[in-house]
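The values are calculated or read from the model by the stated rules, or taken from the named source; none is laboratory data. Small disclaimer: the values here were computed from a predicted structure and weren't measured. Cβ placement follows ideal geometry from the backbone for every residue including glycine, while neighbour counts extend to all protein chains displayed.
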Amino acid sequence: MDTQKRVAKQYLIVNEKNIRVNYGTTDKKNPSVIYTRAKGSVKPFKKKRTYVTDIQDLKKEFKIFVKERVNLLPSLKTDKLLCSIDITENGLSFNKRGHMRYEIFIKPSEIKQLEEYEEDVRILTEEINVKIKDFLEERGINTF
């Protein structure tokens, strides 16, 4: 029987009423990929027939913003990055809570101990959350 120890490590860095953000790595001994996962909620306050265009615009902006911001943070600087944001755009309706989640996977140019990334990950997460909040509120959708 194979008794491999779990080598993944994850930390909770934001735990507020409508949003939770974790960051971690799949291998704490060799954190070559750092990830950030967030779950939150959204709730349209402006009545619209559909919110599909708003969410599609957010998805485009999110990718551009994340790539720009990651490379401004010294410990996270990289060419190798995956990110996605998901909001059930068709299920979103006026005054009804919907779910949002985003994930970012970063392969930093320089590998360090996981804890050494925490400050930059916190900064990145804070900036992303503000960007999402401002972007959606301009379009009539409340967020975390």
> Of the residues ILE85, ILE128, ILE104, which is under 15 Å from GLY24 (Cα atoms) and within 13 Å of the chain's Cα centre (by Cα)?
Replying inline: ILE104
>> Exactly one of these conditions fails for VAL7: (1) assigned to a strand (DSSP E or B); (2) among the aliphatic types (A, V, I, L, M); (3) more than 16 Å from the chain's Cα centre (by Cα). Give me its number.
In response: (1)
> When THR36 is evaluated against the numbered criteria (1) out of contact with any Ser or Thr (no Cβ under 9 Å at 6 or more places or on another chain); (2) not in a helix (DSSP H, G or I), which criterion, by number, is the only one it fails?
Replying inline: (1)
> In the range 72-90, which residues are touching a strand residue (DSSP E or B) at 6+ places or on another chain (Cβ under 6 Å) and either over 17 Å from ALA38 (Cβ atoms) or β-branched (Val, Ile, Thr) (or both)?
Replying inline: THR78, LYS80, ILE85, ILE87, THR88
>> Step by step: first the residues of the range 125-144, then only those that are modelled with pLDDT of 95 or more and touching a helix residue (DSSP H, G or I) at 6+ places or on another chain (Cβ under 6 Å), then the one that is farthest from VAL33 (Cα to Cα). Which residue is that?
In response: ARG139
> Can you tell me which residue in the range 55-75 is farthest from the chain's Cα centre (by Cα), limited to those that are closer than 28 Å to SER93 by Cβ and of a type in the set (Val, Ile, Thr)?
Replying inline: ILE55
